[in-house]
Every structure is written in structure tokens, then in C-alpha cells.
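Data block below; observations after.
The values are calculated or read from the model by the stated rules, or taken from the named source; none is laboratory data. Note that the coordinates shown come from a computational prediction; the quantities given were computed from them, not determined experimentally. In this analysis, Cβ positions are derived from the backbone assuming ideal geometry, glycine residues included, and neighbour counts consider all displayed protein chains. In case anyone asks, the SASA skips ligands and DNA or RNA and just uses the protein heavy atoms, side chains included. Shrake-Rupley method; radii C 1.70, N 1.55, O 1.52, S 1.80 Å.
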Amino acid sequence: MSDRSTHWDQVYATKGEAEVSWYQDSPAISLAMIRAAASDRGSDRDLAIIDIGGGASRLVDALLQGGYRDIAVLDLSANALEAAKKRIGQAASTVDWIVADATTWRPARTYDVWHDRAAFHFLTDPRDRAAYVERLRSAVKPGGHVIIATFAPDGPEKCSGLPVQRHDSASLAAELGRDFVLVETRSETHQTPWGSTQAFQFSRFRRQK
Ligand SMILES: C[S@@+](CC[C@H](N)C(=O)[O-])C[C@H]1O[C@@H](n2cnc3c(N)ncnc32)[C@H](O)[C@@H]1O
């Protein structure tokens, strides 16, 4: 096991769902951006969606409730995915659960939507960011959408005790390269379960080719 997965498996083994700073009851901005991508693609419920570093997030529950049928969740922590599966119950069998590191994973297929909330920002080494983008490029269909949420430039410098690289839409656009065009960006002041606030940015890009 890598140091990374040991850290995250430990977090999910010792903390309850609402005991982590990133917990959200309702992932409203993610859902709105995925719906916008679906409408742009014209494929709606058949959209292939992957949540990168999805952890135990409730986004997958909301997508299942919204009728989306082709959903994958990738995370390097098996414990995180087990927690989500347990919560969801029977419907979890329709989701593709992938235990992998987003910087070394070999995608076996392509997706219409790549969503990442608060995983990319842990990649503080430019080589890891380049490896992530290489995976993203092989997994996102031409015309597909990439939604990346990170701590904003005025957000915290650490998350889960680890240093983060904060971003805005311009720094993300530079990481993704010119094939990805910024479609929308939104700010969010996230309230942690204990009432403190964290500045996030959400950016959505469309792949040109
Ligand atoms: C702050 S949590 C966010 C979880 C979820 N996206 C959410 O919004 O609730 C970061 C997640 O990214 C995962 N993660 C961190 N680095 C990763 C990597 N290199 N590859 C895959 N997952 C990673 C962690 O295991 C953790 O579940």
C-alpha cells in the first residue's frame, strides 16, 4: 500500500461520515454542473460519469436518485468506497467502484463527465498533476466535460493534515491544456460540519477534441 492510500484508509476507518471537513449533505454545485454537462451532451441519463476521489461522498446517491445509470466512483481508499456502498445498499451494485490512484490508474473506457471535488488539490508535485492529466485525457470523450473543485486561492493551505495546491480556473486551464475550454466557474463557501468555512472554486471545462 502506498503512503497515500494508508493515510486515506486510516481517515475513513476512524472518522464517521460527518466528522470530516469536506462532508456535504447535498452536493448542489456538482449536481448543477453535471446536469449542465448532460444537457450540453444531449444524452442526459445515459451520460457516463466518473467521480474521481469520490470517497464516501453523497454525489453518487444523488446521481442514482436522479436516474443516471452509468456511474463510476474511483478512490484510492477501499474503506471510503465500502462506506459509500454500505450506505447505498442494493443500488450500489449498479455502480462501478474502482480502487485506484488517479495518477497511476489505467482507464479501461471513456466517460462523458469527469468530476473531482477535493482530490486534485492534493497533487502538489507537478509530475503527479501531469500524470493525472494524462489519465484524464485518455478517459474523457471528445466533447466531454471535466468538473474540478479545489480549494480556491483564498482557501485553506491544508486538508486532512496534508498540504494542498490551491487553484482558480486559470491555473486549472493551464494544467489541462488547450484542448479543454472553460465553460463556467463558481465559488462556494463550504461550511464544515463544525461550522468553519472553506473557500472552494468549481470549474467546468469542455473537451474540444
Ligand atoms: C477531501 S476528500 C473528498 C472526497 C469527495 N470527493 C467529497 O467531495 O466528499 C479527498 C478524496 O480523494 C481521495 N484521493 C486523494 N488522492 C487521491 C488520488 N491520488 N487518487 C484517487 N483518490 C485520491 C481520498 O481518498 C479522499 O477520498
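Reported count of residues in region 4-24, each being within 11 Å of the ligand (Cβ to nearest atom) and of a type in the set (Asp, Glu), is 2. Taking region 32-61 as the range and being among the aliphatic types (A, V, I, L, M), more than 24 Å from Glu134 (Cβ to Cβ) and away from the ligand (no atom under 12 Å from the Cβ) as the test, the residues that pass are Ala32, Ala36, Ala38.
Residues of region 86-118 that are more than 29 Å from Glu184 (Cα to Cα) and buried (at least 18 other Cβ atoms within 10 Å of the Cβ): Ala92 alone.
Scoring Tyr12 on the criteria (1) open to solvent by less than 50 Å² (accessible area, probe 1.4 Å); (2) free of Cβ contacts under 8 Å to residues at least 24 places away in the same chain leaves a single failure, condition (2). When residues of region 26-57 are filtered for being part of a loop (DSSP other than H, G, I, E, B), out of contact with any helix residue (DSSP H, G or I) (no Cβ under 8 Å at 6 or more places or on another chain) and either closer than 21 Å to Ala119 by Cα or open to solvent by 50 Å² or more (accessible area, probe 1.4 Å) (or both), how many remain? Residues flagged as part of a loop (DSSP other than H, G, I, E, B), out of contact with any helix residue (DSSP H, G or I) (no Cβ under 8 Å at 6 or more places or on another chain) and either closer than 21 Å to Ala119 by Cα or open to solvent by 50 Å² or more (accessible area, probe 1.4 Å) (or both) within region 26-57 amount to 1. Filtering region 131-151 to residues that are outside any helix (DSSP H, G or I) and open to solvent by less than 10 Å² (accessible area, probe 1.4 Å) leaves Val140, Gly144, His145, Val146, Ile147, Ile148, Ala149, Thr150, Phe151.
The number of residues in region 158-174 that are away from the ligand (no atom under 14 Å from the Cβ) and open to solvent by 60 Å² or more (accessible area, probe 1.4 Å) comes to 3. Whenever a residue of region 56-68 is closer than 13 Å to Tyr23 by Cβ, its partners that are basic (Lys, Arg) and crowded, with 16+ Cβ neighbours inside 10 Å, lying with C-beta atoms within less than 9 angstrom and at least six residues away or across chains, give the pairs Ser57/Arg117; Leu59/Arg117.
Within region 113-138, residues that are closer than 14 Å to Thr150 by Cβ reach partners that are surrounded by fewer than 18 Cβ atoms within 10 Å (Cβ to Cβ) and among the aliphatic types (A, V, I, L, M) with beta carbons closer than 6 Å, at six or more positions or on different chains, in the pairs Phe122/Leu162.
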